[in-house]
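A short worksheet on the structure shown next.
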Amino acid sequence: MSTETPTAEHVVTDDPIIGALRQRFGDHALLVQPTLTGMPVLWIARDSLEEVLRFLRDMPEPFEMLYDLSAIDERLRAHRHGLPEADFTVFYHLLSISRNRDVMLKVALHEDDLALPSVISLYPNANWYEREVWDMFGIAFRGHPHLTRILMPPTWQGHPLRKEHGARATEFDPYTLTVEGQGIEQRALQFKPEEWGMRRENENTEFMFLNLGPNHPSAHGAFRLVLQLDGEEIVDCVPDIGYHHRGAEKMGERQSWHSYIPYTDRIDYTGGVMNNYPYILAVEKLAGIEVTERAKVIRVMMAEMFRISSHLLFLGTYLQDLGAMSPVFFTFTDRQKAYEVIEAITGFRMHPAWYRIGGTAMDLPRGWDTLVQGFLDWMPKRLREYERAMMDNAIVRERTRHIAAFTTREALSWGVTGPNLRATGCDFDLRKQRPYGGYEHFDFEVPLGSHGDAFDRGQLRIEEMRQSLRIIQQCVDHMPAGDYKADHPLTTPPPRERMLQHIETLITHFLQVSWGPVLEPGESMAMIEATKGINSYYLTSDGNTMSYRTRIRTPSFPHLQQIPSVMRGGFVPDLIAHLGSIDFVMADVDR
């Protein structure tokens, strides 16, 4: 884009991935777009999409994972110098574990021809992403087996992430639901097996179709699974999401860069500041802000506190799903101890919205180290007790060993990341492979499983809590001195004493509070190792006080899409164990 530097262009065009693509498809087939995403971003023709994706998937050290697939409505975007003409852009973000590299492909579409070929045959997890793009933007995918709405109700009119679609309640008529309308909505939600390629019977038996959810304790939120059953055996199943959709990406188009921070807390609502992290890092890339060492270490410490808190919630509810009632009381007791530390430092518990552009909302309070150390001294013995009483329990082992197992290759093909991927033995943790926010300075190990089953997914998270404690201890022992936020005009408002002394600082303060910062046009992305897997924000700035497009890629979305491939041929109790072992929350799925 016009705001990028020649150096950024030089780095991108020298990339070996671009060289391999140009050698295979010719210089004319690619247009390189310099961005702040940290990866090659290439525009390709629609007709060559499948061929390019197949080349990248099958090359030596391949791009095994379709990490993300979404779109941008370009029609109101002012700063597009040097880019292909487009009314809409569809982008494909590929990730290579073997190369530890990413690449993004973009395809330009015009409003009178919004269609692309489906790529499910290359990457099976494209299924839900293509449905989401159809749902949100109205872009069709030829050859898709079931191109229907996924997040919005079946009766919804319009495509919410188009620029002409309303974003606020004041832009719609008051909502009413008559008895007749309620009947229409209920009929629209009725499951029709034939539409999903399912038979109601075979020569031996008549199948039963059972709704699990959307209100069921084992569904971990407003999540519906329609099961096709032969007795207690799962012949097939269809996950149905969208009951918790709140339009978080649309909200990003109406909130300033600062005021959007609290909205990020509600994505994975068990992750707290972990949700702020990738958004803040992506904004700081756009703004060119370098964060102080103290701010980095504070952020790491609080992120790991929330990792422990989230894993404790997982562990208690996981064991509860398996029929053990006591563990949830123990884990919630320890989670309360974590929240006492979090609340003392941030002022809030679950949703502190505490990270800021350039740092944190405030410095650590006096006595923080004593409080954190008390938690660090408490938890190790508790984790040993959990292993002894829970994971070593014969019933737990019988219910989870070799249950709902999948391989690394299967995990990558479905977009699985985080502990669920590492349970298969794949050593990929962004904190190690792509250190961000200061993680390169910490000494810790990456726990791995070996069977990729429900047991390994539970055991591994206990080991991750141990490593988080290890990281937090290093934060306590080596907390840097200095300021907790960057001295930069686009960061949080300046200290009040300076504001009262300098007119320039007063003006900056006024603009920050009334308008919010204005960021230069550009695109940036930040990925982090969140509690449930890799979470990322892909931000597009059009030189305004708010984002032009906010794309949130969450780990839980692909994890739920994988359920049918794992559970076909299994049994209902195995499904319950698998749902508990995934560790998902529906806000992380639906956004």
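Residue by residue, here is whether (1) crowded, with 18+ Cβ neighbours inside 10 Å; (2) in a loop (DSSP other than H, G, I, E, B) holds:
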position: Asn211; (1), (2): no, no
position: Ser218; (1), (2): no, no
position: Ala222; (1), (2): yes, yes
position: Gln228; (1), (2): yes, no
position: Val238; (1), (2): yes, no
position: Gly242; (1), (2): yes, yes
position: His245; (1), (2): yes, yes
position: Glu249; (1), (2): yes, no
position: Arg254; (1), (2): no, yes
Name the single residue, out of those in segment 483-520 being in contact with a Gly (Cβ under 8 Å, 6 or more places away or on another chain) and of a type in the set (S, T, N, Q), that is farthest from Ala361 (Cα to Cα).
Thr491
Got at least one residue in segment 539-561 being farther than 29 Å from Gly288 by Cβ, of a type in the set (S, T, N, Q), surrounded by fewer than 24 Cβ atoms within 10 Å (Cβ to Cβ) and over 11 Å from the mean Cα position of the chain (by Cα)?
yes
Single unsatisfied condition, Pro564 versus (1) at pLDDT 90 or above; (2) surrounded by fewer than 22 Cβ atoms within 10 Å (Cβ to Cβ); (3) outside any helix (DSSP H, G or I); (4) not polar (S, T, N, Q):
(3)
Residues of segment 23-40 being under 17 Å from His93 (Cβ atoms), of a type outside the set (Val, Ile, Thr) and touching a Ser or Thr at 6+ places or on another chain (Cβ under 7 Å), which ones?
Leu36
Tell me which residues, restricted to segment 272-331, are crowded, with 24+ Cβ neighbours inside 10 Å, among the aromatic types (Phe, Trp, Tyr) and more than 20 Å from Arg591 (Cα to Cα).
Tyr318
Within segment 129-163, residues being of a type in the set (Val, Ile, Thr) and surrounded by 13 or more Cβ atoms within 10 Å (Cβ to Cβ) number 3
Contact list please: Cβ distance under 6 Å, first residue in segment 569-591 and farther than 19 Å from Leu319 by Cα, second residue outside any loop (DSSP other than H, G, I, E, B) and of a type outside the set (Val, Ile, Thr), pairs at least six apart or on different chains.
Asp588/Ser556; Val589/Ser556; Val589/Phe557; Val589/Leu560; Arg591/Ala248
Pairs under 6 Å by beta carbon, first residue closer than 20 Å to Glu520 by Cβ in segment 23-46, partner of a type outside the set (Lys, Arg) and assigned to a loop (DSSP other than H, G, I, E, B), six or more apart or different chains?
Pro34/Glu4; Val41/Gln33; Val41/Thr35
Which members of segment 355-370 meet the condition of being touching a helix residue (DSSP H, G or I) at 6+ places or on another chain (Cβ under 6 Å) and surrounded by fewer than 17 Cβ atoms within 10 Å (Cβ to Cβ)?
Asp369
Looking at (1) part of a loop (DSSP other than H, G, I, E, B); (2) within 18 Å of Met274 (Cβ to Cβ), find the lone condition where Phe306 falls short.
(1)
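A quick yes/no check of all residues on (1) under 19 Å from the mean Cα position of the chain (by Cα); (2) assigned by TED's automatic domain parsing to the domain that holds Leu519; (3) under 28 Å from Val476 (Cα atoms):
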| position | (1), (2), (3) |
| --- | --- |
| Ser259 | no, yes, no |
| Asp265 | yes, yes, yes |
| Gly272 | yes, yes, yes |
| Tyr277 | yes, yes, yes |
| Val283 | yes, yes, yes |
| Glu293 | no, yes, yes |
| Arg299 | yes, yes, yes |
| Glu304 | yes, yes, yes |
Where Gln501 falls short, out of the listed (1) more than 18 Å from Ala577 (Cβ to Cβ); (2) free of Cβ contacts under 8 Å to residues at least 12 places away in the same chain; (3) assigned to a helix (DSSP H, G or I):
(3)
Evaluate the following for Met350: is it buried (at least 22 other Cβ atoms within 10 Å of the Cβ), modelled with pLDDT under 90, aliphatic (A, V, I, L, M) and in the same structural domain as Thr531 (by TED's automatic domain parsing)?
no
Can you report the number of residues in segment 490-518 which are within 22 Å of Asp265 (Cα to Cα) and in contact with a helix residue (DSSP H, G or I) (Cβ under 6 Å, 6 or more places away or on another chain)?
2
Which residues, counting only those in segment 477-519, are on the phi < 0 side of the Ramachandran plot, under 32 Å from the mean Cα position of the chain (by Cα) and buried (at least 18 other Cβ atoms within 10 Å of the Cβ)?
Tyr484, Lys485, Ala486, His488, Leu490, Thr491, Thr492, Pro494, Gln512, Pro517, Leu519
Which one of Ala219, Ala282 is within 17 Å of Ile552 (Cβ to Cβ) and small (Gly, Ala, Ser)?
Ala282
Looking at Asp392, Asp377, which is the one that is closer than 29 Å to Gly482 by Cβ, free of Cβ contacts under 8 Å to residues at least 12 places away in the same chain and not β-branched (Val, Ile, Thr)?
Asp377
Would you point out which residue out of Pro160, Pro124, Pro145 is farther than 30 Å from Thr540 by Cβ, at pLDDT 90 or above, in a loop (DSSP other than H, G, I, E, B) and under 29 Å from the mean Cα position of the chain (by Cα)?
Pro145
Of everything in segment 344-362, what is over 25 Å from the mean Cα position of the chain (by Cα) and not in a loop (DSSP other than H, G, I, E, B)? Give them in sequence order.
Ala344, Ile345
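The values are calculated or read from the model by the stated rules, or taken from the named source; none is laboratory data. In this text, all values refer to a predicted model and were calculated from it rather than measured experimentally. Cβ atoms come from the backbone with ideal geometry, glycine included; neighbour counts cover every protein chain shown.
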